[in-house]
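Undergrad: Sharing a structure here in structure tokens format.
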Amino acid sequence: MEALRGARFWLIAFVFAFAVWMVHDDSAKRPEVVAGLGVAAIAATATELVRRQRVAGIAIRPVFLKRVATLLPSAIRDCAALTRLAFAQLLRPQASRGRTVSVSFPQRGDEPDQNGRRAVGQALGSFAPSTIVIGMDPDQGVVIAHQLGGSGKPSELDPLGLA
């Protein structure tokens, strides 16, 4: 049973790594595809070896992802806002157009649920308006992000409501 589970995780990691390669490489030429298959196989194997170490358990519950569908429209709006800011910077340069903020994200502990909640929050937190999540500090219970606009409210930095 463990071998089947390991093969499933390897395959998922392989498909994801190959997809990232293809998006990044932006070429369907035979040498590029073959290189991508090799890189994806190496990445999937490394991912599986690390997963088997069981250093930190992680459990991503479906409830963590229930609001993911709401992120797509905000991502499209955000692209338009970032384009406007890029043109504004081009026309009227400023030394700084953003700020670093931190808001409470009290998910502490090393339980698999808490690790999963932090992982999803960090991975998808950058879908907040004009925001890039820099990281999380589980000891302090905060998420740290860079914002080009917005108010820094927890609702903006945690678009999935995971905190």
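Undergrad: So what J values fall out for the stretch 6-19 if you push phi through Karplus, 6.51 cos²θ - 1.76 cosθ + 1.60 with θ = phi - 60°, rounded to Hz, Gly and Pro as x?
TA: Using θ = phi - 60°, the values come out as x, 5, 5, 5, 4, 5, 4, 5, 5, 4, 5, 5, 5, 4 Hz.
Undergrad: List the residues, sorted by chain then number, that are 5 or more residues from residue 136 or on another chain and whose placed amide H is less than 5 Å from its amide H.
TA: Residues meeting the amide H criterion: 144.
Undergrad: Additional query: Cα centroids of the stretch 6-23 and the stretch 62-106: how far apart, whole angstrom?
TA: 28
Undergrad: Quick one: which residues, 5 or more positions from residue 111 or on another chain, have an amide H under 5 Å from its amide H? H modelled 1.01 Å from N in the peptide plane, none for Pro or chain starts.
TA: Here nothing satisfies the definition.
Undergrad: I'd like the Karplus ³J(HN,Hα) series for the stretch 38-45: coefficients 6.51, -1.76, 1.60, θ = phi - 60°, whole numbers in Hz, and an x wherever there's a Gly or Pro.
TA: So the Karplus estimates, Gly and Pro as x, are x, 5, 5, 5, 5, 5, 5, 5 Hz.
Undergrad: So between residue 95 and residue 137, what do we pick up on full extension, going 0.36 nm a residue minus the alpha carbon distance? Numbers along the way, then the final one.
TA: On the way: separation 42, 0.36 × 42 = 15.12 nm, distance 2.78 nm.
Full extension from residue 95 to residue 137 adds 12.3 nm.
Undergrad: Need the full-extension length gain, residue 146 to residue 110, defined as separation in residues times 0.36 nm minus the C-alpha distance. One decimal, nm.
TA: Result for the pair: 10.4 nm of gain on full extension.
Undergrad: Can you tell me how much longer the chain between residue 32 and residue 79 gets when fully stretched, taken as 0.36 nm per residue apart minus their C-alpha distance, in nm with one decimal?
TA: Numbers: separation 47, 0.36 × 47 = 16.92 nm, distance 2.92 nm.
Once the chain is fully extended between residue 32 and residue 79, it gains 14.0 nm.
Undergrad: Hey, another quick one. Report, by chain and number, residues whose modeled amide H sits under 5 Å from the one on residue 103, excluding near sequence neighbours (fewer than 5 apart, same chain).
TA: It is 143, by chain and number.
Undergrad: Okay, next question. So, by mean Cβ neighbours within 10 angstrom, what's the order for 8-16, 26-34 with the highest one leading? The partial results should precede the final answer.
TA: Numbers: 8-16: 14.7, 26-34: 10.2.
Result, highest mean first: 8-16, 26-34.
The numbers here are math on the coordinates, done by the rules we state, and not lab data. Worth saying up front: this structure is predicted, and the values here are computed from it rather than measured. All Cβ positions, glycine included, derive from the backbone under ideal geometry; neighbour counts span all protein chains shown.
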